[in-house]
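The values are calculated or read from the model by the stated rules, or taken from the named source; none is laboratory data. Predicted model, so just to flag it, every value in this text is computed and none were measured. Counting neighbours? That spans all protein chains shown, and the Cβs are built from the backbone with ideal geometry, glycine included.
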Amino acid sequence: MANLTDQQIDQIFEACRSKVQSLAQSLSTNLGTEVQLEPGEEGQGTFEILNQVSEKPGIAITLQFDGFGVVCLIPDSLPLPDWYRSPDEAQKSQLQALSAEWSSALLPSELETTQLKAVRCENLRTHLRACQPTDDVRLLELSATAPGGGGTLTAIHFVMPVAVPLLEGFTGKDEPTVETLTGNSMAVDETAATIATDIANERSQNSAIDNRKQRINKIPVSLIVRIADRQMDLQQLRAIAPGTLLMFDKTYDSLLDVYIGNRLYCRGEAVKVGENFGIKINECNAQVIREKKVHQV
C-alpha cells in the first residue's frame with residue numbers, strides 16, 4: 001500500500017474521537033497518567049501542522065506500514081512519569097503496550113503495522129520534521145485536561161501520513177535544533193535521507209537472513225492462555241451444569257500462563273483493550289517450577 005487514503009484517515013480520526021475514554025484508560029494503565037481526553041481541532045498542510053506541534057520533549061508513538069507511517073506526539077506536560085526519559089526493561093514494555101493498545105483501538109481492520117514503538121524525543125517538532133510529513137498530511141488534536149475539570153494540560157497530536165517513520169527519537173548531542181531546521185529545510189531532507197539510506201543498507205546486508213526469518217515467521221502457532229487448573233473426580237464432572245461455580249487454588253490477581261505449542265512461554269496479567277480481553281506480559285521465558293521428589297533412604 002503506497003499511502004493512507006482520505007477515507008482511512010477519516011476512520012482513524014473518528015476512532016480517536018469515539019474512543020477517547022479507552023485512550024485515556026490506556027495512559028493510566030501504562031504510564032500512571034490520569035487525564036481526561038476531548039476531541040479537538042483538525043489541521044492540514046505541513047506548515048500549519050508543524051506550527052501546531054509542541055517543541056517540548058515527550059513521547060512519539062510510531063506506527064509503521066509499507067511505505068508510510070502514523071505518528072502520535074505526547075508532550076511531557078501531560079504530565080508523563082519521570083522514568084520515561086530513561087526507562088528500564090519493564091517500563092519499555094509499558095511503552096510498547098501503550099503503542100499496541102492505541103494501534104488496536106484506532107486502526108481500520110485492513111491496516112496492519114509492520115512495526116510499532118514508543119520512544120523518547122527531546123523535541124517533538126524536530127522529530128516530526130525528520131519524519132517528513134507528506135504533502136497531504138493531516139492532524140487531529142486531543143485536548144488533555146486534569147480529572148474533574150482542572151484545566152487544560154496539553155494537546156496530544158495524531159499526524160498522518162509521514163514518509164519516513166522514525167522508530168527512534170533524537171536524543172543525542174548532535175540533535176538538530178529547531179532554529180537550524182527552520183532556517184534550512186535541506187538539513188531536514190539530508191537527515192531523513194541519511195536515516196533512510198542507513199536502513200536500506202542494513203536491510204540489504206541482512207537480506208539473506210531476513211528471507212529465512214520471513215519463511216519461519218509465516219508458520220502459524222497456537223497461543224493458549226491458561227487461567228488455572230484443578231483435578232476433580234468423575235462424579236463432580238458429571239454434576240457440572242449452567243450456573244455451577246468452579247473454584248481454583250489461585251488468586252484473582254495472579255499472573256496468567258501463556259503457552260505456545262503446549263509449552264509455557266511467558267506470563268502476564270489480564271487487561272481490557274477497548275471492548276476486548278488482552279494479556280499484558282510481565283515475564284518472558286517463563287519456566288514451570290516443579291517440586292523435587294522426596295527420595296526415601
ask   = Does region 63-70 contain at least one residue that is touching a helix residue (DSSP H, G or I) at 6+ places or on another chain (Cβ under 8 Å), closer than 19 Å to Gln132 by Cβ and of a type outside the set (S, T, N, Q)?
value = yes
task = From Ala270, Ala228, Ala239, grab the single residue that is farther than 30 Å from Ser104 by Cα and among the aliphatic types (A, V, I, L, M).
result = Ala239
remark   = Flagged in region 22-44 as part of a loop (DSSP other than H, G, I, E, B) and either surrounded by 20 or more Cβ atoms within 10 Å (Cβ to Cβ) or touching an Asp or Glu at 6+ places or on another chain (Cβ under 9 Å) (or both), in numbering order, are Val35
key: Residue that is farthest from the chain's Cα centre (by Cα) [pool: residues in region 233-255 that are closer than 30 Å to Val221 by Cβ and surrounded by 10 or more Cβ atoms within 10 Å (Cβ to Cβ)]   = Phe248
request  = List the strands (runs of 3 or more DSSP E) that sit entirely inside region 105-192 and contain at least 1 residues that are farther than 25 Å from Glu14 by Cα and at pLDDT 85 or above.
outcome  = 115-121
note = Considering residues that are among the aliphatic types (A, V, I, L, M), within 21 Å of the chain's Cα centre (by Cα) and closer than 13 Å to Asn285 by Cβ, the number found within region 256-272 is 1
inquiry  = Given the criteria closer than 22 Å to Thr114 by Cα and touching a residue at least 60 places away in the same chain (Cβ under 8 Å), does Gly40 qualify?
reply    = no
ask   = Does Glu110 satisfy being surrounded by fewer than 20 Cβ atoms within 10 Å (Cβ to Cβ) and either over 15 Å from Pro161 (Cβ atoms) or over 17 Å from the mean Cα position of the chain (by Cα) (or both)?
value = yes
ask   = Taking Ala2 and the conditions (1) in a helix (DSSP H, G or I); (2) within 23 Å of Arg138 (Cβ to Cβ); (3) at pLDDT below 90, which numbered condition does it fall short on, given that it satisfies the others?
value = (1)
remark   = Checked against (1) more than 26 Å from Ile279 (Cβ to Cβ); (2) surrounded by fewer than 17 Cβ atoms within 10 Å (Cβ to Cβ); (3) not β-branched (Val, Ile, Thr), Pro75 satisfies every condition except (2)
request  = Working carefully through the options Ser104, Ser109, Ser93, Ser77, find the one that is within 24 Å of Gln21 (Cβ to Cβ) and without any contact (Cβ under 8 Å) to a residue 12 or more places away in the chain.
outcome  = Ser109
